[in-house]
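The values are calculated or read from the model by the stated rules, or taken from the named source; none is laboratory data. None of the values given here were measured: they were computed from a predicted structure. For neighbour counting, all protein chains shown are included, and Cβ atoms are generated from backbone atoms with ideal geometry for every residue, glycine included. Note: accessible area is taken over every heavy atom of the protein model, side chains too, but ligands, DNA and RNA are not part of it. Shrake-Rupley method; radii C 1.70, N 1.55, O 1.52, S 1.80 Å.
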Amino acid sequence: MNRTAEFVLGLIGGIFGIIAAIMAIFIGGIGEAFGAEGSGGVTVAGWLAVLLSVLGIIGSTLVRSRAKVGGILMVIAAVGGFISIFMFYLLSGILLLIGGLMALFKQEVSE
């Protein structure tokens with residue numbers, strides 16, 4: 001089955017997620033440089049979001065051959081990334097969640 005929409009949504013969501021995570025790491029680093037309290041946690045959450053974004057990209061590539069597995073990976077990446085860096089991951093989380101849910105619930109059409 002053609003799963004181009006799920007693939008594209010997951011890929012774009014993962015790329016935007018990596019960009020958002022780098023921004024969070026950058027802001028956490030600036031906070032650490034100025035001695036802000038709790039900024040180290042922002043940096044750690046940013047690195048976690050990078051890993052989750054890569055997981056989302058892996059899920060988007062798997063969605064063509066194994067739709068359920070790829071969809072689950074994208075949903076995990078969306079929820080985990082949104083929990084880790086919240087508003088930075090809003091666009092990425094929405095794209096990954098929509099792509100993942102489409103992969104999970106789209107019915108196979110036999111021709």
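What is the spread of the Cα atoms of the range 31-85 along each of their three principal axes, largest first, in whole Å?
48, 15, 8
Looking at the chain from every direction and averaging, what is the projected area of its Cα convex hull in nm²?
6.0
For the chain, what does the helix formula give at 222 nm: sum of -39500 (n - 2.57) over DSSP H segments with n ≥ 4, over the residue count, nearest 500 deg cm²/dmol?
Computed ellipticity for the chain at 222 nm equals -28000 deg cm²/dmol.
Measuring with a 1.4 Å probe in the full set of protein chains, what accessible area per residue, in whole Å², belongs to the chain?
56
Starting from 0.36 nm per residue, how many nanometres of slack lie between I30 and E108 once their C-alpha separation is accounted for?
Additional length available on full extension: 23.2 nm.
When the dipole is taken about the Cα centre of the chain, and only Lys, Arg (+1) and Asp, Glu (-1) are charged at their Cβ, what size is it in debye, to the nearest 20?
The calculated dipole for the chain is roughly 320 debye.
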